[in-house]
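Take a look at the structure set out below.
The values are calculated or read from the model by the stated rules, or taken from the named source; none is laboratory data. Remember, predicted model here, so these are calculated numbers, not experimental data. Accessible surface is based on the protein model in full, side chains and every heavy atom, while ligands, DNA and RNA are left aside. Shrake-Rupley method; radii C 1.70, N 1.55, O 1.52, S 1.80 Å.
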Amino acid sequence: MNIHEYQAKEVLSSFGIPVPRGRVALTADQVERTAREMGGRCVVKAQIYAGGRGKAGGVRLADNPEKALEAGKDLFGRVLITPQTGPEGLVVRRLLVEEAVEIGKEFYLSITLDRNTSRYCIIASAEGGMDIEELAAKSPEKIRMLPIDPFVGLRSYEARKVALGLGLQGRICEDCVRLMLNLYRCCMEKDCSLVEINPLVVTRAGWLLAMDAKINFDDNAIFRHQDYPEMLDYTQMDPLEITASEFDLSYIKLKGNIGCMVNGAGLAMATLDMLKEYGGEPANFLDVGGGASKERVAEAFKIILQDSDVKGVFVNIFGGIMRCDVIAQGIIDAASEVGCTLPIVVRMDGTLVEEGRRLLLESGLDVQYTDYLGDGVEKIVKMLQES
Ligand code: ADP
Ligand code: MG
């Protein structure tokens, strides 16, 4: 789960991590007023669920409240396209107005889950800022990684080693050690899968400050934090993904034209791999889960069909806990409700599979049925290539 920079800074601040003074604005008028409170000079920052805003013109330095107002008027409603948004971009509806900081040096610092070691891992670089992706590609040796032992946690001496590696000394080095220990505490207590400060700056006056902040919460831990759902900004999310989450379905939009409905995340991944292998392009990842009801299957199917890129649907279900006749009825209900005329290929096996097959074949839908995965994948890919 994503949150905005201004919210991430509130979280960091509550863990004792220093951030610039700032406030979120929802209108250009509020931008001007906040700029005045900041003392005139300020930075106006587009709040979208993506980074790379600086290079896309989403971070503006304003010398006075009038300039801030101008930046506000220009940014509200603008679609920002950055390397992280995809080609359609994201609309700016909130702005963070922040004190303009005199930057001495910019660093990169984050804590994220490293899937190789199954541990939180500190990532740090003395060359932080807007070119970190380029640095990672061209000079990966300039980025340091330190896995954190989950049993003993992050130790001061380890954090100190990282801070010294960044070239920090004396008081600032100790400030950075404290900041890292707080960042780790934040990760643990808030169940973050990523906390990223880029740039972490040392100001000209010699203070350490988190100038940008990105936090991802682990979706599987949301139930432990009642305040998380209300932090979401639905305007920044794909409408189909929002509907899917309401029905507890894991749905992720992809770029292709074959809608996919599968039960089980592993089987879903394998199905996408198979489609690619046969030259097809999946339109989505969708895991309907193990024990879904007829209604949930129907909702899942409707979500797939709402995607206008979808030109055909591939269903791959193993009915273990779920009964195949229930799945078939869900598909039929959804398809007739929305008047689906797209070709559907179903590969299904398991409990009451004969009944499921009979229902599908007698439904009047454009359904092809198969017992084999490879066969089904080949069918749907060929059908869409020919059409
Ligand atoms: P993004 O990572 O999306 O490009 P950032 O928040 O990192 O956005 O801002 C981009 C750059 O703008 C930063 O690297 C920093 O140099 C500058 N910047 C951001 N906030 C401030 C601020 N409050 N004062 C001065 N410069 C800032
Ligand atoms: Mg940044």
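Here are some notes:
- Rounded D (µm²/s) - segment 124-227, Kirkwood Rh over Cα pairs, Stokes-Einstein at 20 °C, 1.002 mPa s: 143
- Debye-sum result for segment 1-132 in log10 I(q)/I(0), which assumes one identical scatterer on each alpha carbon, at q = 0.17, 0.19, 0.20 Å⁻¹: -0.99, -1.18, -1.27
- Within the accessible area of segment 238-386, the carbon and sulfur atoms contribute 51%, probe 1.4 Å, all protein chains present.
- Accessible surface, 1.4 Å probe, highest first, among residues K294, K45: K294, K45
- Cα centroid of segment 53-92 to Cα centroid of segment 251-294, whole Å: 35
- Using alpha-carbon coordinates, inclination of helix 5-14 to the longest axis of the chain, degrees: 60
- Stokes-Einstein diffusion of segment 284-387 at 25 °C, 0.890 mPa s viscosity, Kirkwood radius from Cα pairs, rounded to a whole number: 181 µm²/s.
- A 1.4 Å probe run over the protein chains yields, for the chain, 48 Å² of accessible area per residue, whole-number rounding.
- For the chain, the longest principal axis of the C-alpha atoms and the axis of helix 265-277 are separated by about 80°.
- Heavy-atom accessible area order for M274, M38, largest first, 1.4 Å probe: M274, M38
- Crossing angle, helix 65-75 versus the chain [Cα axis fit, 0-90 degrees, rounded to tens]: 10
- Segment 65-194 - percent of accessible surface contributed by carbon and sulfur, probe 1.4 Å: 52
- Using alpha carbons only: equivalent-ellipsoid semi-axes of segment 238-318, gyration tensor based, whole Å: 18, 15, 10
- Per residue Cα convex hull volume in Å³ - calculated over the chain: 159
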